[in-house]
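**Student:** Starting off with a structure, shown below.
Quick note: the coordinates plus some simple rules give every number you see, no bench work behind them. Keep in mind that this is a model prediction, so the values were computed, not measured. In this analysis, Cβ positions are derived from the backbone assuming ideal geometry, glycine residues included, and neighbour counts consider all displayed protein chains.
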Amino acid sequence: MAEVGAIRALVPSALRRIRPGTVGATVVLFVMLMLVAYPLVLLIEASFLVEGPGNTKVMGLELWRTAWGAPGMLPSILNTFKRVIATEIIAFPAAILIAWAVARTDLPGKKLIDTFFWVAFFLPALPVLMGWILLFDPQFGLANQAFVALFGMEEGPFNIYSFSGIIFAHIAARSVAAKYIFLSPAFRNLDGAMEEASRIAGASPLGTLRRIVIPVLMPAFLITLCISLIHSLESFEIELILGPPNNFYVFSTKIYQFIQEDPPMFGIATVLGLAILVCMLPLIFWQQYLSQRRSFVTVTSSFSLNILRLRGWRWPVFATIAAFGTLITVVPVIFLVMGTFMSLYGHFGLADAWTIEHWETVLTDPPMVRATANTLMMGAAAALIGVFWYSLVAYISVRTRYRARGLLDFLSWLPASLPGIILGLALLWVFLNVDLFQPLYGTLAVLVVACILNSVSTGVQLVKSNMVQLGRDLEEASFIAGGSWAYTFRRIVLPLLGPVLIAVALLTFVAAARNVSTIAMLVTSENRPLAMLQVDHIVDGTFEAAAVVGVLIVLLTGCMALVARLVGRRFGFSGLR
Amino acid sequence: MSGAGAKPFLGLAHVSKLFGTFRAVDDLSLDIVEGEVFALLGPSGCGKSTTLRQIAGLDSPDSGTITLNGNVLYSAEDDIFVPPQKRNMGMVFQSYAIWPHLTVAETVAYPLALRKVPQAEIDRAVAETLEQVGLGGFGDRPSPTLSGGQQQRVALARALVYKPDVLLLDEPFSNLDVKLREQMRVELKQLQRQVGVTVILVTHDQSEALSLADRIAVLNAGRVEQVGDPVDLYENPVSPFVRDFIGLSTRLDVEVTAVHGGEAQIRFGAGGISLASSALRGGAISPGARLTAAVRPESILVGSAARSADHNTFKATVETLLFVGDKFECHLRAGGDALLAYSSRGERLREGDTVNLHIPKEALSLWPK
């Protein structure tokens, strides 16, 4: 003991106060700064660098001045907002109505409708788009062919390669489904007693809706709208496929086009990305403000639902919503699968219209096999490393008093608000221009990093909310009973968080497997995953192969999503109180 | 079992804890005797829970010393901090902290498995402890399926099964309904007498502290106001805070008219009602001094009960009568001042009646303003 005391006396007390936990948290923070903040700083710096005399780089506004003259630059920004506004005007009210009808009326078949939207939410955009192309292509689209045959028109009325086609594709993809999933809990958790109190005080059902329900739910509406706008702005792959034939570019496809040029127009792409970020800043701050205000509907344990009786409207309303649900899930998948068995995509009139040849070639095609392996490895690595990383960040944020955890929260939240294409561009800068990381370019590691960042916000948030729910005293009870930190983590924390960690891993895998926008510019022929292979097939016009790849992606992500949902259902809501 | 003079078992000396600039615990010293039930009583924010967590090792004080049975658990000076898992204490949390993924038996076996007890021994101890807390046969049930009262018994079994040196209870009954709360109090007291474990109980509920504890420390703003056995605290509070926090009392603004020996003659109210007091609690008592007089409602004799007294009587008007089952609560007014007293069920008072009151002079205490 005396020696210990002597050694203690030698160590300055200020140093003794630095605990290993603090060191670990600082390492985590440093890595997050390197992965999130550093690439963005590089991007901003790059936009202000210009060629100086003798192959040097000097600071200047040259790029910012000349970029606006680049062909299609300004229209792409305008198109972005035009597209977002047109989509949200339709999708937002529709999602509110559907979520309300499912949560607070006596609509039949609620489970079925719920399932439709979850499936729509998890279906990757590109494979679904393939289904729509088969239906609405101006030449061979089945719907157009039907109109021509039935009404003797010269050409069909639909053209998916148009502004309205793009809006349709968005609404049929995630646009409505994501909002529905976001809004349903708010509607469900609204305490019916609030409405009943208003009715007893003398308000009509409509008056109650106006004076009580809408004001109470307003924060939920606003944050949903805000997040939807951000996500909508980030969209990439639908425009990538449907835009160019019509010469319609949004900022993300324009950046992609600039980078595809030979030589790549990095500077101009960077300016465009930053310009969009500046436009998005108000939205990003608004979201931060809204989510910090935390004025969401309070969840009570014993609330009553005030179920509105639809009477005669029950079945018509159900039919409408169910038809929409079918349209955005079953229909495109059927046509996608159909497409894989066609000799020539969309040409039903051929003598040998049907074949299994594409499955045979595609399944033995070396690039295809490599892409499948790439997707599996990339997804698995992102899921495993991601879960570990997200748990660390969440633990520091929830369970420690680490000084800089506010900054850590911000860094883990930021990637969700950055368009994938900009995050990808920033990472491209890092992997091309920083000596330390250059050797990694072209390897799967680059894509794994991109995918982990792509899911970091959702992952950390999920783990955090479950950790908060867990209650610190469950751990403390174990300490008191004699358990060390490690034992407690193994016997108490891990079993209780286990289900959510599995769910987060699966969700990260799904997001990685379907991701296009973040990795599009980081992919080379060596590390190309399935999703990018599908893009390349569509761009090359080999729709049949693209459809096969699409089905594979749907199967892969579908299974994972299903397991994630089952795990979430089984443990997430019943196990924890 | 209680009282001063016994060998100190758990000692806190000059313990302080700061949250920012807020002194949650302020130079607090306590000596707790082996085998006693010791209550930390006070309003929310008085530092009682922080003190308990410091004893448990879940929080670390900023200064001071905590010792258990001669061993130092915490010492700011020597930089000693024994982590909670090495303190061999048991604790029942306010939320019970029942692990939702374990069965009742697994929960209770948890601390024993940590202590490398052989499985056969664990099974026997778990069954015995569950029997003790009245949960015999519940071993295989998943803990979350139990009711609140049963969950509390599980938490108690988990805390007792390894025979801890000290059992810490953090507001253990606050989540139970009134009937169950009273039942659990009796059971806990019986269990403690049977097991003999030292218990430290944190509560804001005075009736809980009074009925369960052998000794009580009343805490206010991070400091100890008074330590004593329940009857002593109730009858001889040393500060206005303790007087008002424990039990009910009516306070009157009074003026001293005469002093002789250990007694003072005082006057209160518009009509100048004159009473004698022999319970002087400090302050300069001299004729003309303005003081506060306090009296417990049950010390005031009402109506027929007051008739036999020949001094310290006065008249009051019944303003409001509340029948509370075993008696009437009388809200009275005398000389413009409000008083609270109890009358027996047989008294048959009516609102508006004028009644005789008697306050024994030793029941009327005088305090500095």
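**Student:** If each of B:Leu248 and A:Phe81 carries a label point 7 Å out from its Cα toward its Cβ, how far apart are those two points in nm?
**Tutor:** Distance between label points: 6.8 nm.
**Student:** Dipole of chain B (Lys/Arg Cβ +1, Asp/Glu Cβ -1, origin at the Cα centre): which of B:Ile246, B:His311, B:Gly222 lies farthest to the positive side?
**Tutor:** B:His311
**Student:** Would you mind checking the radius of gyration and Dmax of the range B:271-316 based on alpha-carbon positions, in Å?
**Tutor:** When restricted to the Cα atoms of the range B:271-316, Rg and Dmax are 12.7, 36 Å.
**Student:** Counting only other residues whose beta carbon sits under 14 Å from that of A:Leu533, what net charge do I get with K and R as +1, D and E as -1?
**Tutor:** My count for the surroundings of A:Leu533 gives -3.
**Student:** What FRET efficiency, computed as 1/(1 + (r/R0)^6) with R0 = 56 Å and r the Cβ-Cβ distance, is obtained for B:Val72 and A:Lys57, rounded to the nearest 0.05?
**Tutor:** 0.30
**Student:** Further, regarding this structure: Using only the alpha-carbon atoms of the range A:320-449, report the extent along each of the three principal axes, biggest first, to the nearest angstrom.
**Tutor:** 71, 48, 25
**Student:** Give, to the nearest whole percent, the P(r) tail of the range B:138-225 beyond 16 angstrom, counting all Cα pairs.
**Tutor:** Tail fraction, whole percent: 57.
**Student:** For every helix of n ≥ 4 consecutive DSSP H residues, a contribution of -39,500 (n - 2.57) applies; sum these over chain A, divide by its total residues, and give [θ] at 222 nm rounded to the nearest 500 deg cm²/dmol.
**Tutor:** One gets -22000 deg cm²/dmol as the mean residue ellipticity at 222 nm.
**Student:** Rounded to two decimals, what is Rg over Rh for the range B:22-104 when you use alpha-carbon atoms and the Kirkwood radius? Please report the intermediate quantities before stating the final value.
**Tutor:** Values: Rg = 14.2 Å, Rh = 14.5 Å.
With Rg and the Kirkwood Rh in hand, the quotient comes to 0.98.
**Student:** Can you give the average number of partner chain beta-carbon atoms within 10 Å of each beta-carbon in peptide A:468-478, as a whole number?
**Tutor:** So the per-residue partner count for this stretch is 6.
**Student:** Under Stokes-Einstein, with the Kirkwood radius over Cα pairs standing in for Rh, what whole-number D in µm²/s applies to chain B at 4 °C and 1.567 mPa s?
**Tutor:** Working: Rh = 23.3 Å.
Translational diffusion coefficient: 56 µm²/s.
**Student:** Still on this structure: Over 5 Å intervals from 0, what percent of Cα-Cα pairs in the range B:292-369 sits in each interval?
**Tutor:** 3, 16, 28, 27, 16, 7, 2, 0
**Student:** Moving on. How crowded by other chains is B:91-101, given as the mean number of beta carbons from other chains within 10 Å of each beta carbon?
**Tutor:** 6
**Student:** Moving on. Filter A:Lys464/B:Lys17; B:Lys116/B:Lys189; A:Lys464/B:Lys116; B:Lys179/B:Lys327; A:Lys82/A:Lys111; B:Lys48/B:Lys189 down to the pairs with a C-alpha to C-alpha distance above 25 Å, please.
**Tutor:** A:Lys464/B:Lys17; B:Lys116/B:Lys189; A:Lys464/B:Lys116; A:Lys82/A:Lys111
**Student:** Computed FRET efficiency, Cβ-Cβ of A:Val278 and A:Ser525, R0 30 Å: what is it to the nearest 0.05? Kindly include the intermediate steps, with their values, before the conclusion.
**Tutor:** Working: r = 35 Å, r/R0 = 1.15.
The value I calculate is 0.30.
**Student:** Further question on the same structure: With charges set only on the Cβ (+1 for Lys and Arg, -1 for Asp and Glu), what does the dipole of chain A come to about its Cα centre, in debye to the nearest 20?
**Tutor:** 2980
**Student:** Regarding the range A:115-194, what is the average projected area of its C-alpha convex hull, in nm²?
**Tutor:** 7.5
**Student:** Got a sec? Charge dipole of the range A:175-264, +1 on Cβ for Lys and Arg, -1 for Asp and Glu; which of A:Asn246, A:Ile259, A:Phe187 is way out at the positive end?
**Tutor:** It is A:Phe187.
**Student:** Put one equal scatterer on each alpha carbon of the range A:376-428, apply the Debye formula with no solvent term, and list log10 I(q)/I(0) at q = 0.26, 0.28 1/Å to two decimals.
**Tutor:** After summing over all Cα pairs, the log10 values are -1.04, -1.05.
**Student:** Kindly provide the pair-distance distribution of the range A:149-268 built from C-alpha pairs, with 5 Å bins from 0 and whole-percent values in order of increasing distance.
**Tutor:** With a bin width of 5 Å, the distribution comes to 2, 9, 13, 12, 11, 11, 10, 9, 8, 7, 5, 3, 1, 0, 0.
**Student:** Sticking with this one: Would you please report the Å³ per residue occupied by the convex hull of the alpha carbon atoms in the range A:132-179?
**Tutor:** 69
**Student:** Going from the alpha-carbon gyration tensor of the range B:152-298, what semi-axes, largest first and in whole Å, does one get by taking the root of 5 times each eigenvalue?
**Tutor:** Numbers: eigenvalues 347, 45, 28 Å².
Over the Cα atoms of the range B:152-298, the ellipsoid semi-axes are 42, 15, 12 Å.
**Student:** Treating only the Cβ of Lys, Arg, Asp and Glu as charged (+1, +1, -1, -1), what charge dipole size does the range A:102-170 show about its Cα centre? Round to the nearest 20 debye.
**Tutor:** Roughly 360 debye for the range A:102-170.
**Student:** Here is a further query. If you take the Cα Rg of the range A:432-473 and divide it by 2.2 N^0.38 Å, with N the number of residues, what do you get?
**Tutor:** In units of the 2.2 N^0.38 Å rule of thumb, it is 1.78.
**Student:** Could I have the simple spin-label model distance between B:Glu34 and A:Val468, label points 7 Å from Cα toward Cβ, reported in nm to one decimal?
**Tutor:** For B:Glu34 paired with A:Val468, the spin-label model returns 4.7 nm.
**Student:** Under a crude label model (7 Å from the Cα following the beta-carbon direction), how far is B:Val324 from A:Met377 in nanometres?
**Tutor:** 7.8
**Student:** Quick one: length gained pulling B:Ala221 to B:Ala309 fully straight, 0.36 nm per residue minus the C-alpha distance?
**Tutor:** 27.5 nm
**Student:** Report the rotationally averaged projected area of the range B:225-304 based on its alpha-carbon convex hull, in square nanometres.
**Tutor:** Its Cα hull, projected and averaged over all orientations, spans 6.4 nm².
**Student:** Something else: Sort out for me the Cα centre separation of the range A:523-544 from the range A:28-104, rounded to whole Å.
**Tutor:** Here the two parts' Cα centres lie 25 Å apart.
**Student:** OK, next. Find the centroid of the Cα atoms in the range A:382-401 and in the range B:240-298, then give the distance between the two in whole Å.
**Tutor:** 63
**Student:** Would you compute, from DSSP H runs of 4+ residues alone, the mean residue ellipticity of chain B at 222 nm, taking -39500 (n - 2.57) per run and dividing by the full residue count, rounded to the nearest 500?
**Tutor:** Dividing the helical sum by the residues of chain B leaves -7000 deg cm²/dmol.
**Student:** Tell me the relative contact order for the range B:1-140 as a rounded percent, counting alpha carbon contacts under 8 Å between residues six or more apart.
**Tutor:** Value for the range B:1-140: 17 percent.
**Student:** Same structure again: How many Cβ atoms of partner chains, on average, are near each residue of B:56-62 if near means within 10 Å of its Cβ?
**Tutor:** Values: counts 3, 3, 7, 0, 0, 0, 0.
Taking all residues of B:56-62 together, the mean is 2.
**Student:** Something else about it: Using every Cα-Cα pair within the range A:89-130, state what percent have a distance larger than 11 Å.
**Tutor:** Details: 605 of 861 pairs.
The share of Cα pairs beyond 11 Å in the range A:89-130 comes to 70 percent.
**Student:** At 0.36 nm per residue, minus the direct Cα-Cα distance, what do B:Asp165 and B:Val231 gain on full extension? Give it in nm, one decimal, please.
**Tutor:** The B:Asp165-B:Val231 span can extend by a further 21.1 nm.
**Student:** Same structure, new question: How large are Rg and Dmax for the range B:212-369 when only the alpha carbon atoms are used, in Å?
**Tutor:** When restricted to Cα atoms, the range B:212-369 yields Rg and Dmax of 16.3, 46 Å.
**Student:** Please quote Rg/Rh for chain A to two decimal places, taking the Kirkwood radius as Rh and restricting both calculations to Cα atoms. Don't jump to the answer; show the numbers that get you there.
**Tutor:** On the way: Rg = 26.2 Å, Rh = 26.2 Å.
Computed over Cα atoms, the ratio is 1.00.
**Student:** Please state the charge dipole magnitude for chain B, taken about the Cα centre, from unit charges on C-beta atoms (+1 on K and R, -1 on D and E), reported in debye and rounded to the nearest 20.
**Tutor:** Values: 36 positive and 43 negative charges, 75 e Å.
Dipole of chain B, to the nearest 20 debye: 360 debye.
**Student:** Distance from a point 7 Å along Cα→Cβ of A:Arg309 to each backbone N in the range A:162-205: keep the residues under 16 Å and list them by number.
**Tutor:** The answer is A:205, whose backbone nitrogens lie closer than 16 Å to the label point.
**Student:** Okay, moving on. Between the alpha-carbon centers of the range A:410-439 and the range B:197-231, tell me the distance in whole angstrom.
**Tutor:** 59
**Student:** Can I ask one more? Below 8 Å, C-alpha to C-alpha, sequence gap of six or more: please give me the relative contact order for the range B:296-369 in percent. Let's see the in-between values first.
**Tutor:** Numbers: 133 pairs, mean separation 31.5, N = 74.
RCO, the range B:296-369: 43 percent.
**Student:** May I ask you to derive the FRET efficiency for A:Trp359 and A:Arg211 from their Cβ-Cβ distance with R0 = 51 Å, giving the value to the nearest 0.05?
**Tutor:** For A:Trp359 and A:Arg211, the calculated efficiency is 0.30.
**Student:** Can you give me the Kirkwood hydrodynamic radius for the range B:71-153, using every pair of distinct Cα atoms, in Å to one decimal?
**Tutor:** About 14.5 Å for the range B:71-153.
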